[in-house]
1. Could you list, in sequence order, the residues of the range 332-354 that are of a type outside the set (A, V, I, L, M, F, W, C) and more than 20 Å from D398 (Cα to Cα)?
2. Within the range 114-140, track down each residue that is out of contact with any Gly (no Cβ under 8 Å at 6 or more places or on another chain), within 15 Å of the ligand (Cβ to nearest atom) and open to solvent by 10 Å² or more (accessible area, probe 1.4 Å).
3. Take the residues in the range 223-245 that are within 15 Å of the ligand (Cβ to nearest atom), without any contact (Cβ under 8 Å) to a residue 60 or more places away in the chain and part of a loop (DSSP other than H, G, I, E, B), then tell me which one is surrounded by the fewest Cβ atoms within 10 Å (Cβ to Cβ).
4. Quick check on the range 155-166. Is at least one of its residues more than 11 Å from the ligand (Cβ to nearest atom), closer than 25 Å to G281 by Cα and either assigned to a helix (DSSP H, G or I) or open to solvent by 10 Å² or more (accessible area, probe 1.4 Å) (or both)?
5. Search the range 204-222 for residues that are within 22 Å of L331 (Cβ to Cβ) and pair each with any residue that is open to solvent by 20 Å² or more (accessible area, probe 1.4 Å) and outside any helix (DSSP H, G or I) when their beta-carbon atoms are under 6 Å apart and the residues are at least 6 apart or on different chains.
6. When you check V226 against the structure, is it closer than 14 Å to A114 by Cβ, aliphatic (A, V, I, L, M) and in contact with a Ser or Thr (Cβ under 8 Å, 6 or more places away or on another chain), yes or no?
7. Can you tell me which residue within the range 262-286, out of those that are under 20 Å from the mean Cα position of the chain (by Cα) and either modelled with pLDDT under 95 or among the hydrophobic types (A, V, I, L, M, F, W, C) (or both), is farthest from D85 (Cα to Cα)?
8. Taking into account only those residues within the range 21-68 that are exposed (fewer than 15 other Cβ atoms within 10 Å of the Cβ) and among the polar types (S, T, N, Q), which is farthest from G361 (Cα to Cα)?
Amino acid sequence: VKILRTMKRLNGARGVSYPYVHSKEGSGCYFKDLDGNTFLDFASQVCSNPLGYNHPGIKETIKQYMNRSPVKFAGQDFLVKEHGDLLEELLSITPKQLNAAFLINSGAEAVENAMKICMHKRTSSTFGISCTNDFHGRTLGALSYTHSNPVHKKGFFTVPNKQLPFSDQAPVVLEQLTRQGAKKIAFVIMEMVQGEGGYNVASKKMIRDVRKICSSNSIPFICDEVQSGMGRTGKWWAFQHFGIVPDAMSSAKALNVGATIANKKLFPVEEGAISSTWGGGNIIDLAVGCQTIKIIKKKRLLSNVQQQGMYVKKRLNEVSAHGVVRNVRGLGLMVAFDLPTKKIRDDMILESLQRGLVLLGCGPKGVRIVPPFIVSRREIDEAINIIEASIKRCCAKDFSHTGAICQFTSCTTSTT
Ligand SMILES: Cc1ncc(COP(=O)(O)O)c(C=O)c1O
């Protein structure tokens, strides 16, 4: 409680969203907080912890850096081995046209740099395009193309941008814009599965037609894979479900560092056109990212993601027979469902937390199910049982939370 109070007082951002503090203890999908409570984690640090807690392979990697300092280098200027190792490993899982990457600090910066490299050569361009309801990050460039929640943008300047509907109308609108001057368009950026905006899966037609229009007008097409990438959907990258290859893409979260990935020819040749002091320089982050890819490959975790993802959907569809759980959707272990109202969703996430299950919201009334890739059927059953019981309680007339939890939390709406 002392730490929570300090956070509430001193944290310039949100204060306290989830009212517990992580301890170092945990194993697989479970972790303990500092008070010794055990939680089952179906939020995976907002999709950033694909291998769960205290994975032996990851711990072994981190151990190598115990007696070394600094662990952070100015990685674009002063090279470390881990930088090259991660580039090689990362580019082993991208389509061969996407053969170079720029490593950076966060998802927003990975997106921002993907947009920058695309607009750099398009000297007549005046704006970029994303979709209604997209989330691409909070730096001002990435934020300009974010449309998932007005609170993200209120009070901030944006750079010139236009929106396509996230539907089969997207190619129609894009076609109209190209007729007004394709050279004015710097890039089109999209999420194949909208994350923060509500786990909406794009249709194959929309993605393929937009890709086609971009190709025939030489407009760079960017896939934002910050949340959906690195295996979360059961393939390394969500765009692989759609049978397309983008011109550039962003990765972060589960990779443990940010990455802008494209063909080498798309990157600016001028020295300093893109850079960052710490980009490609945090040796622990780089080594963990590299090891994460190796473990996903070695343990064939993409196959577990596919199988368990299907099982999650099956179980949720069974629960939906009661009529409260709606619109079960997603790819792999990037799954969500809706509840009838925002209040019931918010209450349900808090109630599940009190029962030891960590969940995340998305969109207006969605709940994300994003466990680590190592999740088992037994853990899914445990989570679904908690979800069912929590829904039942929160749908009761005049339900409200009571007790200490109310002092701290509004943990329900997602932040990233
Ligand atoms: C699709 C997508 N793009 C970009 C970002 C921004 O990443 P970060 O929070 O690391 O800046 C996020 C974060 O949730 C995301 O989901």
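1. Here is the first cut: in the range 332-354, the residues of a type outside the set (A, V, I, L, M, F, W, C) are 332, 338, 340-343, 345-347, 351-352, 354.
Once the filter is applied, which keeps residues that are of a type outside the set (A, V, I, L, M, F, W, C) and more than 20 Å from D398 (Cα to Cα), the range 332-354 yields G332, D338.
2. Passing the criteria: T132, R138, T139, L140.
3. This residue is G229.
4. Among the residues of the range 155-166, not one is more than 11 Å from the ligand (Cβ to nearest atom), closer than 25 Å to G281 by Cα and either assigned to a helix (DSSP H, G or I) or open to solvent by 10 Å² or more (accessible area, probe 1.4 Å) (or both), which makes the answer no.
5. Qualifying pairs under 6 Å: K205/D168; M206/D168; F221/D247.
6. Working: closer than 14 Å to A114 by Cβ: yes; aliphatic (A, V, I, L, M): yes; in contact with a Ser or Thr (Cβ under 8 Å, 6 or more places away or on another chain): yes.
Judged against the criteria, V226 is a match.
7. Ranking the candidates gives A262 first.
8. Once the filter is applied, the top-ranked residue is N67.
The values are calculated or read from the model by the stated rules, or taken from the named source; none is laboratory data. As the structure is a prediction and not an experimental result, all values here were calculated from the model. Virtual Cβ from ideal backbone geometry, glycine too; neighbours counted across all protein chains shown. Calculation scope for accessible area: heavy atoms of the full protein, side chains included, ligands and nucleic acids excluded. Shrake-Rupley method; radii C 1.70, N 1.55, O 1.52, S 1.80 Å.
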